Every structure is written in structure tokens, then in C-alpha cells.
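A.B. asks: This is the structure I want to talk about, given as C-alpha cells.
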Amino acid sequence: VQLQAFGGGLVQAGGSLRLSCAASGRTSSNNGMGWFRRAPGKEREFVASISWSGARTTYSDSVKGRFTISRDRTKDTVYLQMSSLSPEDTAVYYCAESRTSYTSPHYSQYHYWGQGTQVTVSS
């Protein structure tokens, strides 16, 4: 399984971006998916996750109400719509596939990772 994340870039504070994560190398997915991020000098941080069906989602407190995770199973793609961005959201964002069908905020529950896409929010 290969995951390719894209859609990052430079945006002003208060702006929006949509990240995409396209999967390849598999015939179908019954796995949950997640987004994590790593800011300079910080540990990798959970952002959001979505169940295999898309019916369940979870978010970190820091992004709840501003970010929305979704998936299109026909395209085998997961999205992260980010709004009201602040400089504190600056990080490399990674998508990942969960070992299970469910949502999870735990790094250890994910077994495939994308290469990351840089998001930079200017003040």
C-alpha cells in the first residue's frame, strides 16, 4: 500500500487548505485512516481520523471545529479540509492507514504512512 499526501502550501492566517491522501497498491480498503502532523521541534501529533465507512470521525481538541476529515471510497482518497488556519498549524502533515476499521488517535495503530506534505501558515 502506498499513500501519497498532497495539497499543502503557504497560506495566510485565517485561510483554508484542503489536503488529499490517495492510496494505491490495494484492491479495497476496510481500514480507518488518519492525519497526523509534526511541527518543527515537536513530536508527531494526532489531528483527525475516520472509520472505514466514513461514518465515524475523531479530532484532536486543537483542530476540532476547524478541520474536517472525509473520504471518498470510490477514489480511495481521504481529505482534510482545514479552515481558520493559524501559525500554530504549521507542520508537515502525514496521512496514515489504520490497522483496524475504526478511528484511533494512537500513532501505534497505524501501519502505512504517506510521505507528508508541508503546510505553512503565515501571520
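A.B. asks: At 7 Å along Cα-to-Cβ for each site, give me the label-to-label distance between R44 and Q2 in nm.
C.D. replies: 2.0
A.B. asks: Then there's this: In angstroms, what radius of gyration and Dmax does region 1-41 have, counting Cα atoms only?
C.D. replies: Here Rg and the maximum Cα pair distance are 13.5, 39 Å.
A.B. asks: Could I ask something else about it? Can you give the translational diffusion coefficient of the chain in µm²/s, computed by Stokes-Einstein from the Kirkwood radius over Cα pairs at 4 °C and 1.567 mPa s?
C.D. replies: Numbers: Rh = 14.1 Å.
Using the Kirkwood radius from Cα pairs, D works out to 92 µm²/s.
A.B. asks: Out of all DSSP beta bridges in region 8-123, what portion is antiparallel? Express it as a percent rounded to 5.
C.D. replies: On the way: 32 of 36 bridges.
The answer is about 90 percent antiparallel.
A.B. asks: Let me ask something additional. At a Förster radius of 25 Å, what calculated FRET efficiency corresponds to the Cβ-Cβ distance of Q118 and T57, to the nearest 0.05? List each step's numbers first, then the result.
C.D. replies: Working: r = 24 Å, r/R0 = 0.96.
Approximately 0.55, to the nearest 0.05.
A.B. asks: What Rg and what Dmax come out for region 54-123 when only alpha-carbon atoms are used, in angstroms?
C.D. replies: Cα radius of gyration and Dmax of region 54-123 are 12.8, 38 Å respectively.
A.B. asks: What's the local net charge at C95, with K and R +1, D and E -1, over the other residues with C-beta under 11 Å away?
C.D. replies: On the way: positive: R37, R71; negative: E97.
Local charge sum for C95: +1.
A.B. asks: Net charge near L10, counting Lys/Arg +1 and Asp/Glu -1 over other residues with Cβ under 15 Å of its Cβ?
C.D. replies: On the way: positive: R18; negative: D89.
With Lys, Arg at +1 and Asp, Glu at -1, the neighbours total 0.
A.B. asks: Per residue of region 8-21, in order, report the coupling 6.51 cos²θ - 1.76 cosθ + 1.60 (Karplus, θ = phi - 60°) as ³J(HN,Hα) in whole Hz, putting x for Gly and Pro.
C.D. replies: Couplings: x, x, 9, 9, 7, 3, x, x, 10, 8, 10, 9, 10, 9 Hz.
A.B. asks: Follow-up. Just subtract the alpha-carbon distance of S24 and H106 from 0.36 nm times their residue separation and send over the number in nm, one decimal. Intermediate results must be reported in sequence, preceding the final value.
C.D. replies: Details: separation 82, 0.36 × 82 = 29.52 nm, distance 2.32 nm.
That works out to 27.2 nm of additional length.
A.B. asks: So what J values fall out for region 72-83 if you push phi through Karplus, 6.51 cos²θ - 1.76 cosθ + 1.60 with θ = phi - 60°, rounded to Hz, Gly and Pro as x?
C.D. replies: Once rounded to whole Hz, the list reads 10, 5, 5, 9, 6, 9, 10, 10, 10, 8, 10, 10.
A.B. asks: Please identify, among G41, G25, G54, the residue showing maximal mean-square fluctuation in a Gaussian network model of the chain using a 10 angstrom Cα cutoff.
C.D. replies: Highest fluctuation of the listed residues: G41.
A.B. asks: Quick one: pull the percent of accessible area on region 59-108 belonging to carbon and sulfur, 1.4 Å probe, ligands and nucleic acids left out. Present the calculation step by step, with values, prior to reporting the outcome.
C.D. replies: On the way: 1230 of 2490 Å².
Within region 59-108, the accessible surface is 49 percent carbon and sulfur.
A.B. asks: Here's a follow-up. Could you give the radius of gyration (one decimal) and Dmax (whole number) of the Cα atoms in region 6-73, in Å?
C.D. replies: Looking at region 6-73, its Cα Rg and Dmax stand at 13.3, 39 Å.
A.B. asks: Another question, then. Could you check which residue among A55, A96, A13 shows the biggest mean-square fluctuation in a GNM of the chain with a 10 Å Cα cutoff?
C.D. replies: Of A55, A96, A13, the most mobile in the Gaussian network model is A55.
A.B. asks: What FRET efficiency comes out for the pair R99/R73, r = Cβ-Cβ distance, R0 = 22 Å, nearest 0.05?
C.D. replies: It comes out at approximately 0.75.
The values are calculated or read from the model by the stated rules, or taken from the named source; none is laboratory data. All values reported here derive from a predicted model rather than from experimental measurement. We place every Cβ from the backbone using ideal geometry, glycine too, and count neighbours over all the protein chains shown. The accessibility values were calculated without ligands, DNA or RNA, using every heavy atom of the protein model including side chains. Shrake-Rupley method; radii C 1.70, N 1.55, O 1.52, S 1.80 Å.
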